[in-house]
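> First the structure, then my questions, so here it is.
The values are calculated or read from the model by the stated rules, or taken from the named source; none is laboratory data. The structure displayed is predicted, hence computed values, not measured ones. Glycine also receives a Cβ, built like all others from the backbone with ideal geometry; neighbour counts cover every protein chain displayed. Quick note on the areas: whole protein, heavy atoms, side chains included, nothing else; ligands and nucleic acids left out. Shrake-Rupley method; radii C 1.70, N 1.55, O 1.52, S 1.80 Å.
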Amino acid sequence: MGKHITARLYGGAAISAALFQISAAHAQDRAPQAGVDTFAGDIVVTAQKRSEKVNDVPLSITAASGDTLTRQGITNTNQLAKVVPGLTYQTSQYGTPVLTIRGIGFFDNSVGAGPAVTAYVDQVPLPYSVMTRGATFDLERVEVLKGPQGTLFGQNSTGGAINFVAAKPTETLRAGIDLDYGRFNAVEAQAFVSGPITDTISARLALRKEYADGWQKSVTRPGDTLGTKRFVNSRLLIDWKPSERLRFELGANAWRDRSDTQAAQFIAFIPGVPVNPANQYVFDGLSSTPRAADDNRSADWQPGVDFAHNKRFYQFFLNGSADLTDSITATSITAYSRYRQNGAQAVDGSAFANYTIVDNAALLSSFSQELRLSGGSRPLRWMVGANYQRDKSSENQAGFYNTMSGTVVGIVTHSGTFVNDQRVKTASAFGSVDYDIAPNLTLQGSARYSDQRRKFQGCFVDSGDGVTANAFSALSNLVRGILEPPGFTPTAIPPGGCVTLNADYTPINGLIHDRLNEHNFSWRGNISWKPNPTTLLYANVSRGYKAGSFTIAPAVQASQYFPATQESVLAYEAGFKLGLADRAIQINGAAFYYDYSDKQVQASAPDPFAGNLNRLVNLPKSRVYGGELEVTLRPFRGLRVTTSGTYVDSRVQSDPLAPSRAFDALGNPTSFVGNVFPNTPKWQGVADAEYRLPLSACLNLSFGGTATYRSAAYAALAQLPNFRIAGYTLLDLRAGLESADGIWELQFYGRNVTNKYYYDSVYRAVDVLSRVAGRPATYGVHLRYRY
């Protein structure tokens, strides 16, 4: 191991030496002076597809610069809650990331599920949440837009949108390196070089590598660890400006992740059926499994299985714009993205061979083309455009199961593959108008019409050994013997065949095929008043949609593949952005109310012959209301204190419509009315402070910290005690030295310094209750050098 670390540090040192030589040769061109913070209100965003200062945009937006993300140790999308109150991150039992803003999110195990919070890199869509793993890399800034953003960013943004803006090629030669070493032998190295190639072409190349040893400890095998990290990331941007009126940007993003999947924590054994001779050995194995400790590192997994996954992503895009006249600009954005994954998943947190995804395989691809025209000048600005997107998702989750909660024929040991293939075509047209009806008083309107065509095929397929096929054939014959008259032709599902059954328990020949065609009209209306340069008051109302979806499941019945139809949010929001004391104080606030229709959720329903069956359903009526407040103080030079908080009150107002019914996560009949949304804490808060103190004319001392708080929530509807996610507070600290000219910085940090035990997900894995824990205390040193 020491050789590996030496090689990595030696490589980083070599890059540092090269950058130092460049700097020595060009010492006259220096970085901006350290100690001068970029005022948050001066961050320029493109939330409305045009460049504006964040405090001039009449929307609720959290924007953070790339330097802020680096300083606070944010290297992955799941860490954005450190700067964005109201945003939560959750992991499904199959490892699918779920982002939620103000209670609006979509939890599903399918990798190909469309999110409710959509993400973009430089306005290029990342249509699936798993594609965001490398998005926080080498950024100029990140913009988090809260509330429905369907008019400009399309459907699947009912909760909001996250726009990652990459650092751009520079007009002069620039370069930099970041080296980080921390607990668990973690080494992170990142470097970039940027500058002109010709008079009209400039480029930026950035590379990143992350390495770490395992951080999870086996409950039953002392010394056995899991959680190694092997991640590489890269980005190339090329800007070409052939004339003053014509601009192109060609981009390529690619990353590969060969890290271990995170093992769950075994919490409780909850058998769904009584013990019998067929499942006795499963009962013995799980009842003797020890519970994981209330420790972030405590977990377990099946020995002898390689849990290193192999995830690959690449994306190419071309962004071109042409000034047709002095006031009209045409823009074209063409993009293609592709993601592939393979690898095992330790689902239940048990060393017993109970529930393991042997290969969580998926292939996702997306092509998109947007064309738009924008123009005008005050008092009237306008934009019109059209977008076409073609998405493909193919999932094949191969699993092995030893379950007590089988069917009446005692299916205990079996294996099979969940198949979920979807093909989606979406076409839309959109437009917006801004009109100043009086000095500093502006009306805005925007709308988008979308038409989506979705094809699905899927099934639960026998692994080829015939064990699952024989068991489901026996189930089919048993039930048909009860429901049908004597003399029916017995079911005989062949090895490797589809074992999912029809509602009458007859077999399905081949895969299940279905379609879901939907269309919708999103819109937004806004009025804003800016009585002075540092004050903005606004109010808006908007409607957004999230597309319907098919889930992935070990489906006993075809009804489990019935889709959830599109959901919609009618949102009302009023807010203000107020700068005081020559902008030494900045106060931003908003209040909101959401009328939520047809919310898509996972539900469980018992079948008298097949046990509990999971599927997606719609909840006809729900609502959300709340508020948020952010205060930034700069009482004197060098000190910045930012505090922000969000209050969210969510409620389900009606149960699923017949024939669907409300069942809790354990399969018991219940009512969802009055329930809060899953993974939606009522309170969230973030406080960050940093102080820079000059030690001399060329050296500064800096120190700071971040506290993140969230109240308790529930991982599933029905609010069962075992599915409660406890509230917690996390504390990060940092201190460092930096040159006064901003060339270099040495920072020492600690994250979760109190080693607080916390978890973001609780779920039932057939007969087991499991959790996904957060990270333990980590600490390290970070070196930054810029030319």
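> Taking region 101-191 as the region of interest, what is the percent of Cα-Cα pairs per 10 angstrom bin, listed from the shortest bin to the one with the maximum distance?
The percentages, shortest bin first, are 15, 37, 26, 20, 2.
> Compute the distance in nm between two label points, each set 7 Å from the Cα along the Cα-to-Cβ direction, one at ASP504 and one at THR334.
Calculated label separation equals 5.2 nm.
> For region 137-237, just say rounded, prolate or oblate: build the C-alpha gyration tensor, square-root its eigenvalues into a ≥ b ≥ c, call rounded for a/c under 1.5, and beyond that prolate if a/b exceeds b/c, oblate if not.
Taking the square roots of the gyration eigenvalues as a ≥ b ≥ c, region 137-237 is oblate.
> Please report, as a whole percent, how much of the solvent-accessible surface of region 167-271 comes from carbon and sulfur atoms (probe radius 1.4 Å).
Carbon and sulfur together cover 60 percent of it.
> Starting from the Cα of VAL641, step 7 Å along the direction of its Cβ; do the same at GLU52; then give the gap between the two resulting points in nm.
3.2 nm
> What accessible area per residue comes out for the chain, rounded to a whole number of Å², with a 1.4 Å probe?
39 Å²
> Right, another one. Sorting check: for 444-450, 519-525, which peptide has the highest mean count of neighbouring beta carbons within 10 Å, and how do the rest follow?
Output ranking for 444-450, 519-525: 444-450, 519-525.
> Sort 276-284, 569-577, 350-358, 485-493 by the packing proxy (mean of other Cβ within 10 Å over each peptide's residues), most packed first.
Ranked by mean Cβ neighbours within 10 Å, highest first: 350-358, 569-577, 276-284, 485-493.
> Rounded to the nearest 0.05, what FRET efficiency do SER327 and LEU483 give with R0 = 60 Å and r taken as the Cβ-Cβ distance? Could you check?
0.25
> Same structure again: Calculate for the chain the 222 nm mean residue ellipticity that helices alone would give, adding -39,500 (n - 2.57) per DSSP H run of length 4 or more and normalising by residue count, nearest 500 deg cm²/dmol.
Calculated mean residue ellipticity at 222 nm is -2500 deg cm²/dmol.
> A follow-up question, please. Tell me the carbon and sulfur percent of the accessible area for region 746-787, rounded to whole percent, probe radius 1.4 Å.
Ligands and nucleic acids excluded, carbon and sulfur reach 60 percent.
> For labels at LEU580 and ALA712 in the simple 7 Å Cα→Cβ model, what's the distance in nm?
Placing both labels 7 Å along Cα→Cβ, they lie 3.6 nm apart.
> Further question on the same structure: Largest first, how would TYR709, TYR758 line up by accessible area (1.4 Å probe)?
Sorted by accessible area, descending: TYR709, TYR758.
> So for the chain, averaging the separation of alpha carbon pairs under 8 Å that are six or more residues apart and normalising by length, what relative contact order in percent results?
The value is 11 percent.
> Please list the helices of the chain that count as membrane-span-like by this rule: a mean Kyte-Doolittle hydropathy of at least 1.0 together with Cα atoms stretching 18 Å or more along the helix axis, each helix being a complete DSSP H run.
Answer set is 467-483.
> Take every Cα pair under 8 Å in region 543-590 that's 6+ residues apart, average their separations, divide by the length, and report that relative contact order as a whole percent.
Rounded, it is 32 percent for region 543-590.
> With no other cysteine's Cβ closer than 4.7 Å, which Cys residues of the chain count as lacking a disulfide-compatible partner?
CYS698
> Counting only protein heavy atoms, what percent of the accessible surface of region 507-563 is carbon or sulfur at a 1.4 Å probe?
63 percent
> Just want to confirm a number: the relative contact order over region 82-179, from Cα pairs under 8 angstrom separated by 6+ residues, in percent.
24 percent
> Can you give the accessible area of GLU745 in Å² (nearest 10), computed on protein heavy atoms with a 1.4 Å probe?
Roll a 1.4 Å probe over it and GLU745 shows about 20 Å².
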